[in-house]
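Working notes, structure below.
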Ligand SMILES: [Zn+2]
């Protein structure tokens, strides 16, 4: 390693820290208690005329937030919550849905850290069914070395705290794209598309442009009770950026934290303005879940088996 390279790395870390400070100062909301920033609201699906053909994906709710950033202080969005309209084109009931939860309900720790949910309606936050596995498929077109182990480690961090069994089904040739369909019968059969973890590039998903190292979020649909249920989703990771991060001292932990942060978006939490939480919009060195993150995940986990999705 040359001195020049080291200097560039120091410069990058310095700018990162600078940006973190900027970011920490940006959203003015209080953080000691759970709250729902208006920007996280998901618009209600439009009324559907009977018999009319409507697009399945109705709403793309985005939250403002600076992501796990690398350089410039531009506004970035790193999580998306997509809401499907009811009734149209639902797949067959999941064959592996059980009558009771698969993983013990996590215990919410004490502390004062906050959390937010990424999608919510009057009945509560959008949650995954704790009684069936969350399926992931992985596209590795721009994966850094050791990507599978990094993903595994991030899953092992998030899944027990979320009270979910997360299963990696294996690789897929489905590449990251904006507006991913909720179902892809040719690839995955008559079911919701498994959540896509894509090690990809900003050219494939422009939402990874600039400072955003990853983007994640669930796809939700109302179940028969009107509750929002997450049935699919995405985690898109900037492969070249993570490859660079992995070259830094402590880079592996940072990479695991970035993937875990996006997985927590997939599970259903949004950002909080507290640097000690993994769900702070930028990373200030936190590598594990904070008390607020854990309480938020425990709240999402505390739900019944989903019906009718
Ligand atoms: Zn985020």
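Kindly evaluate residue 202 against the criterion of being more than 16 Å from the ligand (Cβ to nearest atom), at pLDDT below 95 and over 17 Å from residue 158 (Cβ atoms).
no
If a residue has to be part of a strand (DSSP E or B), closer than 20 Å to residue 152 by Cα and in contact with a strand residue (DSSP E or B) (Cβ under 6 Å, 6 or more places away or on another chain) to count, how many in region 205-239 make the cut?
Taking region 205-239 as the starting set, the residues that turn out to be part of a strand (DSSP E or B) are 214-222, 228-238.
Okay, now just the ones that are also closer than 20 Å to residue 152 by Cα, so 214-218, 232-238.
Now narrow it down to the ones that are in contact with a strand residue (DSSP E or B) (Cβ under 6 Å, 6 or more places away or on another chain): 214-218, 232-237.
Summing the residues that are part of a strand (DSSP E or B), closer than 20 Å to residue 152 by Cα and in contact with a strand residue (DSSP E or B) (Cβ under 6 Å, 6 or more places away or on another chain) in region 205-239 gives 11.
Going by what's in this entry, would residue 290 be described as in contact with a strand residue (DSSP E or B) (Cβ under 9 Å, 6 or more places away or on another chain) and in contact (Cβ under 8 Å) with a residue 60 or more places away in the chain?
no
Between 254, 276, which is part of a helix (DSSP H, G or I) and surrounded by fewer than 24 Cβ atoms within 10 Å (Cβ to Cβ)?
254
Could you list, in sequence order, the residues of region 257-273 that are part of a helix (DSSP H, G or I) and under 23 Å from residue 172 (Cβ atoms)?
Correct list: 258, 259, 260, 261, 262, 263, 264, 265, 266, 267.
Checking residue 295 against (1) away from the ligand (no atom under 15 Å from the Cβ); (2) touching a residue at least 12 places away in the same chain (Cβ under 8 Å); (3) part of a loop (DSSP other than H, G, I, E, B), which test does it fail?
Condition not satisfied by residue 295: (3).
Filter region 235-278 down to the residues that are at positive phi and within 15 Å of the ligand (Cβ to nearest atom) and list them by number.
If the condition is that a residue be at positive phi and within 15 Å of the ligand (Cβ to nearest atom), then 268 is the only one that fits.
I'd like to verify a number: residues in region 150-181 that are under 12 Å from residue 194 (Cβ atoms) and crowded, with 20+ Cβ neighbours inside 10 Å, how many?
2
Report whether or not residue 242 is modelled with pLDDT of 95 or more, farther than 24 Å from residue 111 by Cα, touching a helix residue (DSSP H, G or I) at 6+ places or on another chain (Cβ under 7 Å) and outside any loop (DSSP other than H, G, I, E, B).
Here the answer is yes, as residue 242 does meet what is asked.
Restricting the search to region 152-168, which residues are in contact with a strand residue (DSSP E or B) (Cβ under 6 Å, 6 or more places away or on another chain) and not in a helix (DSSP H, G or I)?
Of region 152-168, the ones in contact with a strand residue (DSSP E or B) (Cβ under 6 Å, 6 or more places away or on another chain) are 155, 159, 164, 166-168.
Scanning region 152-168 gives 164, 166, 167, 168.
Given the residues 189, 113, which is the only one that is farther than 16 Å from residue 266 by Cα and either at pLDDT 95 or above or under 16 Å from the mean Cα position of the chain (by Cα) (or both)?
Numbers: 189 fails: either at pLDDT 95 or above or under 16 Å from the mean Cα position of the chain (by Cα) (or both).
Unique residue meeting the criteria: 113.
Please specify each residue of region 70-85 satisfying the condition of being surrounded by 15 or more Cβ atoms within 10 Å (Cβ to Cβ) and modelled with pLDDT under 55. Spell out the reasoning first.
The first filter runs over region 70-85 and keeps only residues surrounded by 15 or more Cβ atoms within 10 Å (Cβ to Cβ), leaving 70, 73, 76-85.
Correct list: 70, 73, 76.
If you check every pair at least six apart or on different chains, which have Cβ atoms under 6 Å apart with a residue in region 257-272 that is within 16 Å of residue 138 (Cβ to Cβ) first and a residue that is within 8 Å of the ligand (Cβ to nearest atom) second?
Every condition considered, the pairs that remain are 258/68; 258/214; 262/214; 262/216; 266/216.
The values are calculated or read from the model by the stated rules, or taken from the named source; none is laboratory data. Not measured: the values here are computed from a predicted model. Reconstructed Cβ throughout: ideal geometry from the backbone, glycine too, with neighbour counts over all protein chains shown.
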